[in-house]
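Colleague: What follows is a structure written as structure tokens; I'll ask about it next.
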Amino acid sequence: MERANEPTGTALELLVHGVGGTTPEKMLDDPRTVRITGDDTAAVFRRAEDVDAEDTPGPPVPGGTPAGNDGPRHPESRTTGNARRDPGHRHTGGARTDGDGRRRPPGSGRTDGHGASPDPIGTPADGGDASPVGIVPAPDDRSREAGGTTGPDAGIAPHKGTVSDQGIAPDDGIAPGEGIAPGEGIAPGEGAVSDRAGRAVPTPARPTRGTGDGAAGRRAAGPVRAVPEAYVWCNLTSGNGARALWLFLLPFMVVNLAHWMRPASRGRRRTVRCYGLLVRLTGLTLTVLLVAAACEVALDLTAWQCAGTDACAARHTWLGFLSPAASHDGWWSSPGRRLALAATVPAALTWLLWYLSRRTWNAYESQQPLDRRPEPDEDTDHTALDRPGFWYGRRLVARLRAAHTAAGLLTVAAALTAPALSHDRAPGGSAVLGTLGLLLAAGHLAAALVVIGVVCRRGRSENRLDRHLDAHLVRRLPLAALALLLLAALHAGWSRPGWQSDGRLPGGTAFGTLALGQGALVVALAVAARTLHATRPDRRSALRGLGGPAVAMLSCALGGVMSGGVCQRVSDWLDGTGSSIPGPPVLLTWQASIIPALLVVVLAICGHLARRAWRLRRAELVTVALDHPGEPEDPARTHRIATTRAIATLTDRAPLLVGATSATTLLLGAGALVGAFTTGRTPDAAARPTVALVHGAAQTSQALGSWLIGFGFILFVTWGRRAYKDAAARRTIGILWDVGTFWPRAAHPFAPPCYAERAVPDLTWRIATWTRATGGRLVLSGHSQGSVLAAAAAWQLPAQVRARIALLTYGCPLERLYGRWFPAHFGPDALGALHRDVDCWRNLYRLTDPIGGPVRLPGDCGPEVDRPPLKDPLSYGRTATHPLPAPILGHSDYQADPAFAEERARLLARLAPALPGPRPEEPAPAQTDSGRSSP
């Protein structure tokens, strides 16, 4: 069929990298790349020769000017207003162009109204809202009825108007042979791309006008070229050296993960809210625990014990002005004034946490997603990730930050008030100061109840963009707590003749109370999780729905180990002989003593998993031989392949390790709590009257536990220091943040920030503005964690835009990790809905990949999405194509497999069906005074 002489079109292929980060040069396989939009933390890149690639418009879009009226250009061939020139990168100069075809001069950036970086990716430059409200991409005329099937290799859903080997299915209204198929409609040398091996891969055709008039005419196939773009987001998690400080926020990050591990449920809305409430309260206890540990170090060990003991103060001359003996009863030597001065340390720590949270809140939570109409609050098969306000937690994080900051300051105030009140209420104390102390304690209690009430409020408004900020609460609650802290410092510093510091600081039962409260919260969380899981059982769900409580228990254990480690090490440093000061509370010593027993259980589980992997390796030896029939056997290579496959399966056994570790921690922690409360002595002292075997075991456990917790603390600090100085180490730690900080900060505001609240709006803005300007379609290609970002971005798009997207995922953890550990958001129903909403979806994985796996959609959808496992290595022995031994790729280099180019070409062909002719242009939707389209 003779093609009309019209301009060729351009399809967009948007690549999103996975964990660990990479460079745009590697993603695009070209040493010359250009940043077309974005900043130094996250940006979109193109090859240099593709910067001015033609974006031929598709059917006109109501409310938008078709691209191409201004000549060939890229709709966003610009840099942001604050972008700088990168070494080796050239910028596209000249006028900056909006997604709707308008131009504006360089440097005319603007903010989003919340102080965010100017010119967010894909933001329309002038006028109106920062989102394409009222913009509806060209309707897709493909039939949604069942069409012809394509067989397992084609991988195209038959109910979506499939592309068969002969062309478009007959239900599309085109005779077989006249439609678009891979390789058809392309003249020799036109529109061809090559894979990494240099083989030509046919690129699908772009529809052009064929026959018929403007109302009923159809577009015939014309050549189309796929222009790849790389979205690089790795600097969001491993950019500058300050990211290393996030290591000390690890317990907060883990408890935040527990919030999103809620089981899938049907109904039970109150139980769902109760689950979130329990996790938020657990996060609040972690903040109090961290500040209490700082109070223990600064107030108890340093100001109260060491400065009040002549021998300890003599060894540390910098404490001389606080020691009554060394300063000859100087003004600062009074116990209350020493405590007031030392309180600046935990107060400064609280301020630092507030500052870091506020700073990252401005950088991440302030990125506004696409503005869409609010959705009803009802249970559907769709995930919450498709709700308009899911990636906009600005209000919630601000409210939680105020509550946690107030909780930290109130903890410091209580640590000041308790010893002063204890002295004043004792015989000989001041009645006036005692009364004032009681009033202060009542004020602390009232403020604490307000904090708990703020945390207990409903967490998130996901059905709409909640732009409201509780300004009075956010400002006044921390200021009220600060005022109470200053009053407590004034009260404690008041002159009290005869007051001396002796023993441990009063109020040492705080750690025991926190441990008891955390245990109760975890048990209640387990009950809520099991109740939810029973309404919609999922056999693939981690720990049968108990993944969230197990991870919450681990976060409490991490907080206890970190706080106990700090206290133990500071105590050992201050008390060189081990006899001059009493040391930290007895409970912290008991908690350190259970670490050796916990390690024994963990090592036993690891041994069991290693044994299972060894047995699976033996079975894989036979499978590997059957996968390569007729080739000369190489026992060493067979063993390497089988071992890699067996080790890759250990990922699926992680729930066993997490569940057993959490249960053991809960039981041993309960035993330590009982031992500390009943005996009031350390394990060594408590077991001294018993038989020699028990005493020896207790003594060994206490010494070994103290050494292990100290070693862990030193290792933690060393790791953080190395990451601060070494970019390579920072990238390694960044892998942890890539997985752990994907979710919004819904449970703890001091957790490391959610990079997806920047990355997902970046991707959705880029996709929406490109489809708006061109009317075209695109392939969203994601590797590893990039596939999770791609799915999250697809869910956030309007339904019309989502239907124009093809998903290509490889090394994809959507089901293997996210589906099992976060079933309420990535369960079978959610992934099935995503498959129905997008145009088509193909997933590639290997048996040697420890992270990626099949999507496992139920029914006939599974083979439509999952391609059979790719061969790894590509060649068992030496061949003409691979004269050297092919490496075992595992989780990396999926593009090196010919199957990648094959699936990519099929998806591009699937996205190029016949299109209807242009419709008469409709007027743009009316806008309100604020520039936002009216509903």
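The values are calculated or read from the model by the stated rules, or taken from the named source; none is laboratory data. The structure displayed is predicted, hence computed values, not measured ones. As a convention, Cβ positions derive from the backbone with ideal geometry for all residues, glycine included, and neighbour counts pool all protein chains shown.
Colleague: Being over 17 Å from Pro228 (Cα atoms) and over 27 Å from the mean Cα position of the chain (by Cα) is the filter here; which residues of the stretch 760-772 pass it?
Modeller: Arg772
Colleague: Further, regarding this structure: Quick check on my filter: what residues within the stretch 263-297 are on the phi > 0 side of the Ramachandran plot and either in a helix (DSSP H, G or I) or of a type in the set (Lys, Arg) (or both)?
Modeller: If we filter the stretch 263-297 for residues that are on the phi > 0 side of the Ramachandran plot, which is where we start, we get 267-268.
Within the stretch 263-297, Arg268 is the sole residue that qualifies.
Colleague: Based on what the data block shows, is Arg315 assigned by TED's automatic domain parsing to the domain that holds Val451, touching a helix residue (DSSP H, G or I) at 6+ places or on another chain (Cβ under 9 Å) and surrounded by fewer than 24 Cβ atoms within 10 Å (Cβ to Cβ)? Let's see the steps before the verdict.
Modeller: Values: assigned by TED's automatic domain parsing to the domain that holds Val451: yes; touching a helix residue (DSSP H, G or I) at 6+ places or on another chain (Cβ under 9 Å): yes; surrounded by fewer than 24 Cβ atoms within 10 Å (Cβ to Cβ): yes.
Judged against the criteria, Arg315 is a match.
Colleague: Quick one: count up the residues across the stretch 856-890 that are farther than 27 Å from Asp829 by Cβ and free of Cβ contacts under 8 Å to residues at least 12 places away in the same chain. Steps first, please.
Modeller: Quick first cut of the stretch 856-890, residues farther than 27 Å from Asp829 by Cβ only: 870-890.
Right, trim to free of Cβ contacts under 8 Å to residues at least 12 places away in the same chain and you get 875, 878-880, 882-884.
Looking only at that region, the number is 7.
Colleague: Which of the residues that make up the stretch 305-332 are without any contact (Cβ under 8 Å) to a residue 12 or more places away in the chain and touching a Leu at 6+ places or on another chain (Cβ under 9 Å)?
Modeller: Selection gives Gly330, Trp332.
Colleague: Taking only the stretch 333-348 into account, find how many residues are outside any helix (DSSP H, G or I) and either more than 19 Å from Val291 (Cβ to Cβ) or without any contact (Cβ under 8 Å) to a residue 60 or more places away in the chain (or both). Working first, answer last.
Modeller: So the first thing to find is which residues in the stretch 333-348 are outside any helix (DSSP H, G or I), and the list is 334, 343.
Subset that is either more than 19 Å from Val291 (Cβ to Cβ) or without any contact (Cβ under 8 Å) to a residue 60 or more places away in the chain (or both): 334.
Going through the stretch 333-348 one residue at a time, the tally reaches 1.
Colleague: Right, something else. Just to be sure before I move on: is Ala791 surrounded by fewer than 24 Cβ atoms within 10 Å (Cβ to Cβ) and in a helix (DSSP H, G or I) in the structure I sent?
Modeller: no
Colleague: While we're on this one: Being surrounded by 16 or more Cβ atoms within 10 Å (Cβ to Cβ) and part of a loop (DSSP other than H, G, I, E, B) is the filter; apply it to the stretch 894-923 and report the residue that is modelled with the lowest pLDDT.
Modeller: Selected residue: Gly917.
Colleague: Okay, moving on. At pLDDT 90 or above and touching a strand residue (DSSP E or B) at 6+ places or on another chain (Cβ under 6 Å) - does that describe any residue in the stretch 827-836?
Modeller: So far as the stretch 827-836 goes, yes, one or more of its residues are at pLDDT 90 or above and touching a strand residue (DSSP E or B) at 6+ places or on another chain (Cβ under 6 Å).
Colleague: Okay, moving on. Which residue, of Trp573, Trp590, is within 22 Å of Ala293 (Cβ to Cβ) and either at pLDDT below 90 or not in a helix (DSSP H, G or I) (or both)?
Modeller: Details: Trp590 fails: either at pLDDT below 90 or not in a helix (DSSP H, G or I) (or both).
The match here is Trp573.
Colleague: Is it the case, given these coordinates, that Ala488 is more than 30 Å from Gly705 (Cα to Cα) and modelled with pLDDT of 90 or more?
Modeller: Values: more than 30 Å from Gly705 (Cα to Cα): yes; modelled with pLDDT of 90 or more: yes.
It is true that Ala488 is more than 30 Å from Gly705 (Cα to Cα) and modelled with pLDDT of 90 or more.
For (1) aliphatic (A, V, I, L, M); (2) surrounded by fewer than 18 Cβ atoms within 10 Å (Cβ to Cβ); (3) touching a residue at least 24 places away in the same chain (Cβ under 8 Å), each residue gets a yes or a no:
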| residue | (1), (2), (3) |
| --- | --- |
| Leu554 | yes, no, yes |
| Gly565 | no, no, yes |
| Ser579 | no, yes, no |
| Gly583 | no, no, yes |
| Ser593 | no, no, yes |
| Arg612 | no, yes, yes |
| Thr623 | no, yes, no |
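Colleague: Every residue in the stretch 490-534 that is over 25 Å from Leu277 (Cα atoms), in contact with a Ser or Thr (Cβ under 9 Å, 6 or more places away or on another chain) and part of a helix (DSSP H, G or I), please.
Modeller: His491, Ala492, Gly493
Colleague: Just one of (1) more than 30 Å from Thr679 (Cα to Cα); (2) under 29 Å from the mean Cα position of the chain (by Cα) trips up Ala636, so point out which.
Modeller: Among (1) more than 30 Å from Thr679 (Cα to Cα); (2) under 29 Å from the mean Cα position of the chain (by Cα), the lone unmet condition for Ala636 is (2).
Colleague: Restricting attention to the stretch 421-428, does a residue exist that is in contact (Cβ under 8 Å) with a residue 24 or more places away in the chain and surrounded by fewer than 16 Cβ atoms within 10 Å (Cβ to Cβ)? It would help to see each step written out before you state the result.
Modeller: So in the stretch 421-428, the residues in contact (Cβ under 8 Å) with a residue 24 or more places away in the chain come out as 422-424, 428.
Checking which are surrounded by fewer than 16 Cβ atoms within 10 Å (Cβ to Cβ) leaves us with 422, 428.
Scanning the stretch 421-428, I find at least one residue that is in contact (Cβ under 8 Å) with a residue 24 or more places away in the chain and surrounded by fewer than 16 Cβ atoms within 10 Å (Cβ to Cβ), so the answer is yes.
Colleague: Residues of the stretch 426-471 being modelled with pLDDT under 85, within 25 Å of Arg358 (Cβ to Cβ) and of a type outside the set (D, E, K, R), which ones?
Modeller: Hits for the stretch 426-471 are Gly459, Ser461, Leu465, His468, Leu469, Ala471.
Here is a yes/no grid of residues against (1) free of Cβ contacts under 8 Å to residues at least 24 places away in the same chain; (2) within 21 Å of Arg504 (Cα to Cα); (3) not assigned by TED's automatic domain parsing to the domain that holds Ala480; (4) not in a helix (DSSP H, G or I):
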| residue | (1), (2), (3), (4) |
| --- | --- |
| Ala398 | no, no, no, no |
| Thr405 | no, no, no, no |
| Gly408 | no, no, no, no |
| Thr411 | no, yes, no, no |
| Leu439 | yes, no, no, no |
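Colleague: Any idea which of Ser357, Ser366 is buried (at least 23 other Cβ atoms within 10 Å of the Cβ), touching a Lys or Arg at 6+ places or on another chain (Cβ under 9 Å), within 27 Å of Gly393 (Cβ to Cβ) and among the hydroxyl-bearing types (Ser, Thr, Tyr)?
Modeller: Numbers: Ser366 fails: buried (at least 23 other Cβ atoms within 10 Å of the Cβ).
Every option except Ser357 fails the conditions.
Colleague: Would you check if there is a residue in the stretch 653-663 being under 30 Å from Val254 (Cβ atoms), of a type in the set (Val, Ile, Thr) and touching a residue at least 60 places away in the same chain (Cβ under 8 Å)? Quick ask: steps written out before the conclusion?
Modeller: So in the stretch 653-663, the residues under 30 Å from Val254 (Cβ atoms) come out as 653-663.
Filter again for of a type in the set (Val, Ile, Thr), leaving 658, 661.
Checking which are touching a residue at least 60 places away in the same chain (Cβ under 8 Å) leaves us with 658, 661.
The answer is yes, given that some residue of the stretch 653-663 is under 30 Å from Val254 (Cβ atoms), of a type in the set (Val, Ile, Thr) and touching a residue at least 60 places away in the same chain (Cβ under 8 Å).
Colleague: With the checklist (1) within 19 Å of Val227 (Cα to Cα); (2) of a type outside the set (S, T, N, Q); (3) at pLDDT 90 or above; (4) more than 17 Å from the chain's Cα centre (by Cα) in hand, flag the one item Gly786 doesn't pass.
Modeller: (4) is the only condition that Gly786 fails.
Colleague: With a cut-off of at least 3 residues that are buried (at least 20 other Cβ atoms within 10 Å of the Cβ), name the helices (runs of 4 or more DSSP H) lying wholly within the stretch 797-870. Let's see the steps before the verdict.
Modeller: On the way: elements: 799-802, 823-826, 828-837, 861-865.
Correct list: 823-826, 828-837.
Colleague: Identify, by number, the condition in (1) of a type in the set (Phe, Trp, Tyr); (2) farther than 30 Å from Ala314 by Cα; (3) in contact with a Pro (Cβ under 8 Å, 6 or more places away or on another chain) that Trp590 doesn't meet.
Modeller: For Trp590, the exception is condition (2).
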